[in-house]
Amino acid sequence: MSQFWRLLFPLILSGFLPAQVRINEFMASNTKAFPDIIDFEDYPDWIELHNPNLVDASLDGFFLSDDPASPFKWPIPAGAVVPAGGYLLFMADGNDAGLGESHPRGYWPWRDFTTERYHTNFGLSAEGEAVVLTQTTGSASTTLVAAGSTWAYLDDGSDQSTQWRARKFDDSGWASGPADFGYGDDPVTEVSYGGDEDNKYITTYFRHKFNVTDPSLYQNLSLALQADDGAVVYLNGAEIVRDNMPTGMITSITTAVRSIGGSEADFLNYAVPVAGLLTGENVLAVEIHQRRVDSSDIRFDLSLDASYYTGVVTVDTISYPSQVTDVSYGRDAASPTIWKQFAESTPGSANTSAEVTNLRLASSEVSIAPQAGFYASDQTISLSTTGGEIYYTLDGSNPSTSTTLYTEPFAISATTIIRARVFEAGKVPGPI
């Protein structure tokens, strides 16, 4: 139970391998037990990893997930380390952030903040699911769109607005041919610049369709672009690359930022979000822009590769039943093959608190006398319950078995926030 007293005085007084990193503890329903007061200011689900080894353990190439069928759901950021004999905590709150990232706070005077913890892109279900820790053992790549592929193209100098970028756009009336495209540099497919060599078309449009059976197999996309002068690339209607083009809206008369000279045959490489891929037909749409209407040449080609993991090891996994709010689930510190419900969670440290053996029974509630209110003098506080031990705090923090054990009434002489809780062996801790 929690109560608030304001004293008014005269004159207005106011299953794992022993030597590897393992899942050690987690909480799937956190409402009071462990607030995230550092980063996103909420009560997140969380996952704790433990390294029982005598040397630090790098988590490069490791992933966390809540679904055994989707083991690569959240890649642990590069550089994460579980110290020797230590613990590392991950907030399972869906915020998808690593250390040192800037995020808006949303209220004055703190306009933004820098993250100090890891935050996964998923949360945990209190109804029961799984926590999965995996590590990749190798990677390879495959080509989705090869350089020299056949593209549909439109080279009539028209303004296609934005509809042409859409995946479902009908380009059956466009010409087609193999890359590379251009004029002035002996391209494979020559495109038109119009009837006036001193007033050439600024923009030429290209589209290419390709199929993907299962996008979830791919982890990263790499796009190589050959463009003279500038280009904007779209995947299924969403912009993914802008090269040598100004910011803001792009139209058919938008010119490139600068002319491309001797490096016009070079391919520039870009990392592309894999989330843009769809199952089935996908479409790349590209618009090539000239710097000047009297440009001597134009050039375009593109390739798209996808990387995937060739092997994965399940480092640790736990399928768990329905969870009780503010009760953690973790390994017994002395016998870590045994999982237990803990009355007091210990994120970031060993699981040494009392076990909850009966999740259907909660400890008793604390009665506090006198009731919260405004008083003009010192007050003597009495706490009582029908069973168990009472622990309390006077600083507004949540009581635990490491805070003060109530043994007798105590006095307060100033405004005080008293929080008290009953702990009974084998039961869920009582309400605060």
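The values are calculated or read from the model by the stated rules, or taken from the named source; none is laboratory data. Keep in mind it's a predicted model, so treat the numbers as computed, not measured. Quick reminder, even Gly has a Cβ in these numbers, built from the backbone with ideal geometry, and neighbours come from all protein chains shown.
For first residues located in the range 294-319 and at pLDDT 95 or above, partners that are of a type in the set (Lys, Arg) and lie 6+ apart or on another chain with Cβ distances below 7 Å form the pairs Asp316/Arg22.
Restricting attention to the range 31-57, which residues are of a type in the set (A, V, I, L, M) and touching a strand residue (DSSP E or B) at 6+ places or on another chain (Cβ under 7 Å)? Residues satisfying the conditions are Ala33, Ile47, Leu49, Ala57. Could we say that Ala420 is part of a strand (DSSP E or B) and surrounded by 13 or more Cβ atoms within 10 Å (Cβ to Cβ) here? In short, yes. Are any of the residues in the range 379-393 of a type outside the set (S, T, N, Q), more than 27 Å from Tyr87 (Cα to Cα) and either assigned to a loop (DSSP other than H, G, I, E, B) or under 34 Å from the mean Cα position of the chain (by Cα) (or both)? Checked the range 379-393: at least one residue is of a type outside the set (S, T, N, Q), more than 27 Å from Tyr87 (Cα to Cα) and either assigned to a loop (DSSP other than H, G, I, E, B) or under 34 Å from the mean Cα position of the chain (by Cα) (or both). A single entry from Trp164, Trp151 fulfils the requirement of being surrounded by 14 or more Cβ atoms within 10 Å (Cβ to Cβ) and part of a strand (DSSP E or B): Trp151.
Annotation note: of Ser252, Ser259, the sole residue that is within 20 Å of Gly184 (Cβ to Cβ) and in the same structural domain as Ala166 (by the TED database) is Ser259.
Okay, residues lined up against (1) surrounded by 17 or more Cβ atoms within 10 Å (Cβ to Cβ); (2) aromatic (Phe, Trp, Tyr); (3) in a strand (DSSP E or B):
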{"position": "Asn269", "(1), (2), (3)": "no, no, yes"}
{"position": "Asn282", "(1), (2), (3)": "yes, no, yes"}
{"position": "Val286", "(1), (2), (3)": "yes, no, yes"}
{"position": "Val313", "(1), (2), (3)": "no, no, yes"}
{"position": "Asp326", "(1), (2), (3)": "yes, no, no"}
{"position": "Thr346", "(1), (2), (3)": "yes, no, no"}
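In the set (1) in the same structural domain as Pro71 (by the TED database); (2) modelled with pLDDT of 95 or more; (3) assigned to a loop (DSSP other than H, G, I, E, B), Glu116 fails one condition alone, (2). Could you please find all residues in the range 25-56 being surrounded by 21 or more Cβ atoms within 10 Å (Cβ to Cβ) and outside any loop (DSSP other than H, G, I, E, B)? Glu25, Phe26, Met27, Asp45, Trp46, Ile47, Glu48, Leu49, His50 - these are the residues of the range 25-56 that are surrounded by 21 or more Cβ atoms within 10 Å (Cβ to Cβ) and outside any loop (DSSP other than H, G, I, E, B).
Once the range 394-411 is narrowed to residues that are more than 45 Å from the chain's Cα centre (by Cα) and outside any strand (DSSP E or B), the residue that is surrounded by the fewest Cβ atoms within 10 Å (Cβ to Cβ) is Glu408.
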